[in-house]
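Peer 1: A single structure is presented below for examination.
The values are calculated or read from the model by the stated rules, or taken from the named source; none is laboratory data. Just so it is clear, the model here is predicted, and its values are computed rather than measured. Reconstructed Cβ throughout: ideal geometry from the backbone, glycine too, with neighbour counts over all protein chains shown. Accessible surface is based on the protein model in full, side chains and every heavy atom, while ligands, DNA and RNA are left aside. Shrake-Rupley method; radii C 1.70, N 1.55, O 1.52, S 1.80 Å.
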Amino acid sequence: MNDLPTTIAVSLLLLAPLLAGGLSLLLSNSRWLHVTNLTSIGTLVAAEVMIAQSVLAQGSLTAFGEIMYIDALSSVILFIIGTVGLACSLYMRSYMDEQVARGVIAPKRLNLFFFLFHMFLLTMVVATVANSLGVQWVAIEATTLTTTFLIAFWRRRESLEAGWKYLILCSVGISLALFGVVLMYYSSLRVLGDVSSALNITQLQQVASQLDPHILKLAFVFLFVGYGTKVGLVPMHSWLPDAYTEAPAPVAAMLAGVLETVAVYAILRCRGIVDQAVPPDFTGGLLAIFGLVSFALAAFFILLQHNYKRLFAYSSIEHMGLAMVGFGVGGPIGNFGGLFHLVNHALAKSLAFFAAGNIHRRFKTVEIDEVRGLTTVLPLSALALLIAGLALAALPPFALFASEMQILTALGSSGLPGEWTQPGTRFPIVVLLFCSLVAFGGLLYRITGMVWGVAPADIVSGEQWSVGHVPIILLGAVLVGFCWALPPPLQQLFEAAATLLVNR
């Protein structure tokens, strides 16, 4: 449905980061940069709320002559973009100003950071609401360009190396995804015969059952590998630990919480089309197998980490793998669990990187063994780190426990898709449970060693309150609250999105 309120909301969704990015280049005062940033993200969140309400009331929406397409699945991803973006914007108020005060970055480069940040937000929003798979590909490729400069923003040798590694590997991945898009176009053109709409999601959903299943299988393989590189699935994950280590803390939070999620959305959107012409076991098996391997490998790599940012990077690989297992198994429980897990992971990982940013500013190191006594040096950040660690270890009463149990329940009842394993085998559930214990032990051992103990003598103790602590407190509260109950509108939105994934 295309109506005026929807058009206005989508316009705000796109114009807010675009105008804020352009205005950031014209501003030099730190205060006005932050005001512009918060105004933009506030407008973005308000537009997302309006869109979500319309989706719940009317179903899928279109705007600008079906150039934009939004349904419940899109709205869930927009919720993640807005929530994490708002949290990062609040955290940046103290984080970036301290970097300027310490001389880490020149004041004149602060506006460049905000410009790139807003362009990053814009590209992710476009990738989520675009009706065309081609436009979606262009937007995801654009995220590579903006985030490369953000990862290398400190201009150190290590950050430049991480930026180049990210650029090269993700460009290779996105090139493979382009080939998948071309194959989708070739297949749909033979049915639709309309060059202008052959990649439109709304058109493809109507004729998907008429498309050539062999071409669609090949297309999905390329799309999955290409976008899976952005997700950080094994074996396409090697850029991720370096990028998360070198990126500024709010950028790392956006990479882990939002960019990976948008890439998952692109895979799911393509899968919804392919599954109408190909048995769902094919796509589900790919997702589940790669997810299971990513989860297992990352769990053991967590045990080997001596850098707390790399620790969280491998935790991201682990949790993205688990979410993919949920989507691969499918069904109402598996899909709901996968979506819920994406949201919970985004919140927990943002909290983790905010705490890591505070720790790095005080201790000037990312080595776990050199950080001790956080309870006396940075008490609030220590609490945030402990909450994030417990949440990422999927312990109750945190929301990741609930979403992980849903995925495990779906896997235990259905098993992996039958095309890939013998029906009824319990091997996958045993692997997940064992690797969960490994990751649990590795995370808690590393984090508790940082939280307690005797702080180094040369480290100043004490933590002053700032606006950057607001998102830390709110994220911790939400991670606990979501374990017990979801707000009814959010639950309805997740259920509607899960139903879409089941039906297609």
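Peer 1: Using the alpha carbons of region 211-267, what is the convex hull volume per residue in cubic angstrom, as a whole number? Please list the in-between numbers first.
Peer 2: Values: hull volume 3.5 nm³, N = 57.
Dividing the Cα hull volume of region 211-267 by its residue count gives 61 Å³.
Peer 1: Sort out for me the Cα centre separation of region 66-125 from region 10-42, rounded to whole Å.
Peer 2: Computed from Cα coordinates, the inter-centre distance equals 10 Å.
Peer 1: For V470 and L160 in the same chain, what is the full-extension length gain: residue separation times 0.36 nm, less their Cα-Cα distance, in nm? Walk me through the numbers before you get to the answer.
Peer 2: Details: separation 310, 0.36 × 310 = 111.60 nm, distance 3.13 nm.
Result: 108.5 nm gained on full extension.
Peer 1: Still on this model: In the full protein assembly as shown, how much of V49 is accessible to a 1.4 Å probe, in Å² to the nearest 10?
Peer 2: That residue has around 70 Å² of solvent-accessible surface.
Peer 1: For region 291-360, report the % of Cα-Cα distances exceeding 19 Å.
Peer 2: Values: 926 of 2415 pairs.
In whole percent, the share of Cα-Cα pairs in region 291-360 beyond 19 Å is 38.
Peer 1: While we're on this one: Once each part is reduced to its C-alpha centroid, what is the distance from region 205-280 to region 334-379 in angstrom?
Peer 2: Region 205-280 and region 334-379 have Cα centres spaced 25 Å from each other.
Peer 1: For region 345-504, which semi-axes, largest first and in whole Å, follow from the square roots of 5 times the eigenvalues of its Cα gyration tensor? Show your work: numbers first, answer last.
Peer 2: Numbers: eigenvalues 260, 84, 23 Å².
Over the Cα atoms of region 345-504, the ellipsoid semi-axes are 36, 20, 11 Å.
Peer 1: If I model a spin label as a point 7 Å beyond the Cα along the Cα-Cβ vector, how far apart are those points for L304 and V460 in nm?
Peer 2: 3.9
Peer 1: May I ask for the net charge around R310, where only other residues with Cβ less than 15 Å from the Cβ of R310 are counted and Lys, Arg are +1 while Asp, Glu are -1?
Peer 2: Numbers: positive: K165, K309, K349, R446; negative: E158, E161, D242, E246, E318, E367, D369, E370.
Value of the local net charge: -4.
Peer 1: Please calculate how many Å² of accessible area the chain carries per residue, with a 1.4 Å probe and no DNA, RNA or ligand atoms counted.
Peer 2: On the way: 17840 Å² over 504 residues.
Here the residues of the chain average 35 Å² of exposed surface.
Peer 1: Continuing with the same structure: Which far-off residues, 5 or more places away or on another chain, put their amide H under 5 Å from the one on S132, with H placed in the peptide plane?
Peer 2: Sorted by chain and number, the residues that satisfy this are I201.
Peer 1: Subtracting the Cα-Cα distance from 0.36 nm times the residue separation, let me have the gained length for L433 to Q210 in nm, one decimal.
Peer 2: Numbers: separation 223, 0.36 × 223 = 80.28 nm, distance 4.05 nm.
In short, 76.2 nm is gained.
Peer 1: Let me ask you something else. Rounded to the nearest 0.05, what FRET efficiency do V35 and M405 give with R0 = 45 Å and r taken as the Cβ-Cβ distance? Could you check?
Peer 2: In this case the efficiency is close to 0.60.
Peer 1: Right, another one. With r defined as the distance between the Cβ atoms of T499 and E66 and R0 fixed at 30 Å, what FRET efficiency is calculated, to the nearest 0.05? Walk me through the intermediate numbers first.
Peer 2: Values: r = 22 Å, r/R0 = 0.75.
Given R0 = 30 Å and the Cβ-Cβ separation, E is 0.85.
Peer 1: In terms of solvent-accessible area of protein heavy atoms at a 1.4 angstrom probe, what is the ranking of E161, E318, E141, highest value first? Working shown, then result.
Peer 2: Working: E161 110, E318 5, E141 45 Å².
Result, largest first: E161, E141, E318.
Peer 1: While we're on this one: Could you tell me the accessible area of V221 in Å² (1.4 Å probe, neighbours in place), rounded to the nearest ten?
Peer 2: 60
Peer 1: Turning to a different aspect of this structure: How many percent of Cα pairs in region 17-165 exceed 17 Å? If you can, show how the numbers build up before the last one.
Peer 2: Working: 7143 of 11026 pairs.
Result: 65 percent of Cα pairs exceed 17 Å.
Peer 1: Under the rule of at least 5 residues apart or a separate chain, name every residue whose amide H is placed under 5 Å from the amide H of V278.
Peer 2: none
Peer 1: For the pair R190/L26, report the inter-label distance in nm, with labels modelled 7 Å from Cα in the Cβ direction.
Peer 2: So the label points at R190 and L26 sit 5.2 nm apart.
Peer 1: Another question, then. If one takes the longest principal axis of the Cα atoms in the chain, at what angle in degrees, from 0 to 90 and to the nearest 10, does the Cα axis of helix 133-151 lie?
Peer 2: Result, in degrees: 10.
Peer 1: Now for a different question. Would you mind getting the Kirkwood hydrodynamic radius of the chain from its Cα pairs, rounded to one decimal in Å?
Peer 2: Working: mean 1/r = 0.0441 Å⁻¹.
Computed over the chain, the radius equals 22.7 Å.
Peer 1: In the full protein assembly as shown, how much of D281 is accessible to a 1.4 Å probe, in Å² to the nearest 10?
Peer 2: For D281, the solvent-accessible surface is approximately 60 Å².
Peer 1: Right, something else. Can you pull the percent of Cα pairs in region 75-162 with separation above 15 Å? Don't skip to the answer; put the middle values down first.
Peer 2: Details: 2497 of 3828 pairs.
Here the long-distance tail beyond 15 Å is 65 percent of all Cα pairs in region 75-162.
Peer 1: If I compute solvent accessible area with a 1.4 Å probe over the protein chains, what percent of it on the chain is carbon and sulfur?
Peer 2: Details: 12110 of 17840 Å².
In the chain, the share of accessible area belonging to carbon and sulfur is 68 percent.
Peer 1: Rounded, prolate or oblate: which fits region 279-330, taking a ≥ b ≥ c as square roots of the Cα gyration tensor eigenvalues, rounded meaning a/c under 1.5, else prolate when a/b beats b/c?
Peer 2: In terms of gyration-tensor shape, prolate.
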